[in-house]
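A short worksheet on the structure shown next.
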Amino acid sequence: MSLWTSRKLSNICVAVAVLLCLLGAGTKTAPLFAAVIVLLLLDLLQLAIFYRCPHCGRLLPFRQWATPVYCPYCGRELNTPDPDR
């Protein structure tokens, strides 16, 4: 999985988790909150596996609103996402 696909998947997981929290707040059902926790843990796991520099393989810092342009470890430019995708 590419760096950019991992980033998009993480954003989708967080959005779904927030939606499930909002739905669960009205109904106060434990299984819904358990699903949110599992979803967020799976998101963290996929980030730890796939959100890495394609050059040196080190885990990139994750900031929700900013995607790094250069790897902070090896200094190489990270490929920008394909605009056609």
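Overview of values
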| quantity | calculated |
| --- | --- |
| Segment 65-82 residues that are farther than 12 Å from Leu3 by Cβ, paired with ones that are at pLDDT 85 or above and open to solvent by less than 50 Å² (accessible area, probe 1.4 Å) (beta carbon under 7 Å, 6 or more apart) | Tyr73/Cys53; Cys74/Cys53 |
| Inter-residue pairs, beta-carbon under 9 Å, first open to solvent by less than 70 Å² (accessible area, probe 1.4 Å) and hydroxyl-bearing (Ser, Thr, Tyr) and in segment 34-54, second assigned to a strand (DSSP E or B) and modelled with pLDDT of 85 or more, 6+ apart | Tyr51/Leu59 |
| Residue satisfying all of: in segment 6-39; under 9 Å from the mean Cα position of the chain (by Cα) and not basic (Lys, Arg); nearest to Tyr70 (Cα to Cα) among these | Ser6 |
| Condition broken by Leu3, with the remaining ones in (1) touching a residue at least 40 places away in the same chain (Cβ under 8 Å); (2) farther than 24 Å from Val69 by Cα satisfied | (2) |
| Residues within segment 61-76 that are modelled with pLDDT under 85 and of a type outside the set (Phe, Trp, Tyr), tallied | 7 |
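The values are calculated or read from the model by the stated rules, or taken from the named source; none is laboratory data. This is a predicted model, so every value here is computed, not measured. Positions of Cβ are generated from backbone atoms using ideal geometry, with glycine treated the same way; all protein chains shown enter the neighbour counts. Accessible surface areas use protein heavy atoms only, side chains included; no ligands, DNA or RNA. Shrake-Rupley method; radii C 1.70, N 1.55, O 1.52, S 1.80 Å.
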